[in-house]
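The values are calculated or read from the model by the stated rules, or taken from the named source; none is laboratory data. Keep in mind the model is a prediction, meaning the values are calculated, not measured. Note: ideal-geometry Cβ built from the backbone for every residue, glycine included; neighbour counts use all protein chains shown.
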Amino acid sequence: MEEFRDTLSRDSDEGYLTLRLGRIIREKYPPKRRASRAVKVIAQEVRRRLRLDDEFEVKVDPELNEMIWSRGAGNPPRLIRVYVRVDREEKVATVAPAR
């Protein structure tokens with residue numbers, strides 16, 4: 001089960017995170033807005049787990065965006081594994097799908 005362990009800590013600049021979106025998205029948001037809200041929740045969760053300031057910009061990779069929207073607006077994935085890379089000099093965090 002080593003492959004599913006989160007390898008990203010507050011001090012590191014890159015690593016993997018597993019995000020469980022199912023209950024958060026499906027209970028709070030109507031079907032037409034679930035995928036768009038999932039993208040925003042991923043960015044918020046990365047910011048929260050890494051304790052990034054508001055100065056940091058969290059960019060979602062287009063490939064990850066396509067993966068979330070691939071099943072339609074009302075049915076985003078419940079569990080998603082992402083790769084996060086933080087550039088502390090430019091204050092940018094990039095979130096991409098795990099490979």
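The residue pairs whose first member lies in segment 85-99 and is part of a loop (DSSP other than H, G, I, E, B), whose second member is crowded, with 16+ Cβ neighbours inside 10 Å, and whose beta carbons are closer than 8 Å, counting only pairs six or more residues apart or on different chains, are K91/F56; A98/Y16; A98/V82; A98/Y83; R99/Y83. Against the condition buried (at least 16 other Cβ atoms within 10 Å of the Cβ) and closer than 13 Å to T18 by Cα, how does V84 come out, does it pass? Yes; evaluated as a whole, the condition is true for this residue. Within segment 45-77, the set of residues being in a helix (DSSP H, G or I), closer than 20 Å to G22 by Cβ and modelled with pLDDT of 95 or more comprises L64, N65, E66, M67, I68, W69.
Exactly one residue out of V41, V60, V82 is touching a residue at least 40 places away in the same chain (Cβ under 8 Å) and β-branched (V, I, T): that is V82. R34 satisfies every condition listed in (1) within 23 Å of R99 (Cβ to Cβ); (2) touching a residue at least 40 places away in the same chain (Cβ under 8 Å); (3) surrounded by 15 or more Cβ atoms within 10 Å (Cβ to Cβ) except (1).
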